[in-house]
1. Is it fair to say residue 291 is in contact (Cβ under 8 Å) with a residue 60 or more places away in the chain, among the acidic types (Asp, Glu) and away from the ligand (no atom under 13 Å from the Cβ)?
2. Going by the structure shown, is residue 96 closer than 16 Å to residue 20 by Cβ, out of contact with any strand residue (DSSP E or B) (no Cβ under 9 Å at 6 or more places or on another chain) and surrounded by 14 or more Cβ atoms within 10 Å (Cβ to Cβ)?
3. Among the residues that make up region 258-272, is at least one of them more than 16 Å from residue 83 (Cβ to Cβ), in a helix (DSSP H, G or I) and among the β-branched types (Val, Ile, Thr)?
4. I need a count of the residues in region 89-111 that are touching a residue at least 24 places away in the same chain (Cβ under 8 Å), more than 12 Å from the ligand (Cβ to nearest atom) and either β-branched (Val, Ile, Thr) or part of a loop (DSSP other than H, G, I, E, B) (or both).
5. Is it true that residue 87 is more than 14 Å from residue 57 (Cβ to Cβ) and surrounded by fewer than 17 Cβ atoms within 10 Å (Cβ to Cβ)?
6. Restricting attention to region 312-322, does a residue exist that is part of a helix (DSSP H, G or I), within 14 Å of the chain's Cα centre (by Cα) and more than 16 Å from the ligand (Cβ to nearest atom)?
7. Output the residues belonging to region 32-88 that are touching a residue at least 60 places away in the same chain (Cβ under 8 Å) and within 16 Å of the ligand (Cβ to nearest atom).
8. Quick one: which residue in 167, 184 is under 23 Å from residue 271 (Cα atoms), touching an Asp or Glu at 6+ places or on another chain (Cβ under 7 Å) and not small (Gly, Ala, Ser)?
Amino acid sequence: MGVPSANPAKSFRIALYPGDGIGPEVVDATLAVLQAVEQQAGGFRLECTRFDWGIAHYERHGVVAPEDFLARLRGFDAVFLGAVGWPARLPDHITLAPLIRMRQAFDLYACVRPARTFPGVAGPLRSDQPIDLVVVRENSEGEYVDNGGAFATGTPGEIAVQSAVHTRRGVERIMRFSFELARTRRRRLTMITKSNAQRYAYVLWDKVLAEMAPGFADVAIEKLHIDAATLELVRRPHTFDVVVGSNLFGDILSDLTGGITGSLGLNPSANLDPSRRAPSLFEPVHGSAPDIAGQGIANPAGAILSGAMMLEWLGEAVAAATVRRAVGRAFSDGCLTPDIGGKLTTTGLTTEVIRRLDA
Ligand code: GGG
């Protein structure tokens, strides 16, 4: 029997769900970076278990993930997901279902989606003022609750009803999370609703914001309807700090914030259970991009930066900062994939990031 080390490395159990399309490519890239930083930093170990769920699993077994997939994941310290979906092979609502179920069953109510510009990566906007914002997406209820029904299916009078569910508890906790996040940043919070037209759900959001604001008097607040928000995020993106919205609005806005910062391929995300009772889930914001799957040209930065968010959540803040710095340095040295105007492959950018971990 070996002698136990006086200072054993902390060990974290990570479930990998690479998924479909470019998912496995960006997960492999992230794993390479995480393993390199783990070796370099010392003091922690990532024990990764891979679950090959998704379309290939469906084609073999008739289900995207096994029935007990939540039970299998629950004991892990974190889940790392690549991307899901390949609509030409299977309708998207089937491949997305396990992701939505994880968020709801594990109560991962805070989806944190930072978007920033990087020196060396050109964005599509004329202004060169840096963008540095975080979209906080309510992740457990709202428009993504599986609540509705279909009638007269297949007839000309077909009816589909889908109801959104917004609870006071759900709105209060995401608002508090966002206020507290704003306090760690530039102390600005923008709440996105459509309360002029949706006069029950989003009026509740308005009420909660008004009730909570006096307790966070040091945070400047702004309210925008979703339509105005899409305009203002293009016109004056540098003025936004923390942007909070419902499940659907957060999903939509985080694609927009990917676009205005240069590429959706750059943006990481964390689906957090702030109570830490269940494993939190980390994933790039982008989807499976079937059009470029298998070509080795996907931008791995969003996934690698999601890996950094995971390290930070696990308490490895120094390693997380090392990864973020290496990605920024690779970009400013001109190491770019095709989506951001370069020629590097997924592996090429990954190698350049790893090279800069100790810079
Ligand atoms: N990287 C995760 C992914 O594949 N996202 C695709 C998608 O459509 N997600 C919808 C959602 O985040 O709710």
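1. When the stated conditions are applied, residue 291 does not pass them.
2. yes
3. yes
4. 5
5. yes
6. The answer is yes, given that some residue of region 312-322 is part of a helix (DSSP H, G or I), within 14 Å of the chain's Cα centre (by Cα) and more than 16 Å from the ligand (Cβ to nearest atom).
7. Hits for region 32-88 are 73, 78, 79, 80, 81, 82, 83, 84, 85, 86, 87, 88.
8. Criteria check complete, one pass: 167.
The values are calculated or read from the model by the stated rules, or taken from the named source; none is laboratory data. Because the structure is a prediction, the values reported are computed rather than measured. So basically every Cβ, Gly included, is an ideal-geometry build from the backbone, and we count neighbours across all protein chains shown.
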